[in-house]
Amino acid sequence: MRLIGRIGLRRSESEPEHDRRDEDQPGEPRAGEGKAESGMGAVHATTLAAPGASAKGPKGQTGLTRRSSPKLPAMSEAPIRVAVAGAAGRMGATVCDAVEAADGLELSGRADPELGVELGDVLDDADVVVDFTIPDQALPNAHKCLHSGTSVVIGTTGFDMEKLRKCANDHFDGGNGGRAFVAPNFAIGAVLMMQAAQMIAPHMPEVEIIELHHDRKLDKPSGTAARTAELIEAAGGNVHEPIHSVRLPGLVAHQEVVFGGQGQTLTLRHDSIDRSSFMPGVVLACRKVGSLPEPLTVGLEALLEA
Ligand SMILES: NC(=O)c1ccc[n+]([C@@H]2O[C@H](COP(=O)([O-])OP(=O)(O)OC[C@H]3O[C@@H](n4cnc5c(N)ncnc54)[C@H](O)[C@@H]3O)[C@@H](O)[C@H]2O)c1
């Protein structure tokens, strides 16, 4: 099995411009509760929307995967308009900063009950909605987006994927409707961990998964752990139940996958120590979602270059 290729970001582009302090730590207040600005550095992807293109299905298609070139303007003339659902939350506030810093994207709205703004209030001005809300709101929000022809990038975890698939299929309208993209984890390191797990599983099939998150996470096991288990089992592995979920202050998002074999173990571990780890993936998804060939696409790996 071949591991995925590059995420498509230059090293300097995938890192914050300055060291982040502890402002992203889970115990910190969320945006709107007096939290400091998250200070996300510039985030760029290698794909650009063409002038006039948007990520909204019927009104235009993005995904013109033209590479940045010195001969081409650095920014599209018509940026993709991105609204964020859950904009006052820990992830949503970080996404707002990342979208504002990204070439070719424009932050067009911030929806959150805590801001007094409904998703419906920002839909008309958005080509793409990014949803980082709560498990029982992800599906109704996705339905609102797709019903209005707006593509949706979902980072929220803990909802029924099959219901989303049906909703996305129902609104695809032969390719004229919006698309849904879901990533249980937008961090490239986590995606690589899942791919490595798939590669190892046929050789060391007995597996335990331990996921560790901050103590305000609502769902368990995490979406990343559930997806990792799904991929390992598809590769012939046997994931022992239960998946272990640790919730503690001080953690962000971490996972260990432990393979046991005769006289040996092999452990994969990924740590997101800062929410900026998810942002290059979110920005990439905003750029590509409008041109995806399927009504629903799951997993960041589907967007990465081979
Ligand atoms: N996919 C990934 O890479 C990834 C990474 C980190 C977190 N997550 C997931 O993202 C989600 C959000 O995490 P968080 O830590 O930011 O949570 P949070 O509690 O800090 O923020 C959630 C926000 O959503 C708002 N909200 C609730 N209902 C809403 C609605 N109908 N419309 C708009 N906003 C609404 C809340 O008011 C809150 O501000 C969780 O499901 C978490 O598991 C995913």
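Taking amide hydrogens as modeled 1.01 Å from N in the peptide plane, which residues meet the under 5 Å criterion relative to residue 117, leaving out close sequence neighbours?
112
So, by mean Cβ neighbours within 10 angstrom, what's the order for 175-188, 278-291, 101-114 with the highest one leading?
Put in order of decreasing packing, that is 278-291, 175-188, 101-114.
How large is the Kirkwood hydrodynamic radius of the range 112-202, in angstrom, based on all distinct alpha carbon pairs?
Hydrodynamic radius (Kirkwood, Cα only) of the range 112-202 equals 14.3 Å.
Cα convex hull of the range 212-305: how many Å³ per residue?
With only Cα atoms used, the range 212-305 gives 149 Å³ per residue.
Which value, in Å to one decimal place, does the Kirkwood hydrodynamic radius take for the range 165-254 when every pair of different Cα atoms is included?
That comes to 14.8 Å for the range 165-254.
If you take the beta carbon distance between residue 240 and residue 271 as r and set R0 to 25 Å, what does 1/(1 + (r/R0)^6) give as a FRET efficiency, to the nearest 0.05?
The calculated FRET efficiency here is 0.65.
Each reported figure results from applying straightforward, stated rules to the coordinates on display, with no laboratory input. It should be emphasised that the depicted structure is a prediction, and the values quoted were computed from it without experimental measurement. Cβ coordinates were reconstructed from backbone atoms using ideal geometry, including for glycine residues, and neighbour counts include every protein chain displayed.
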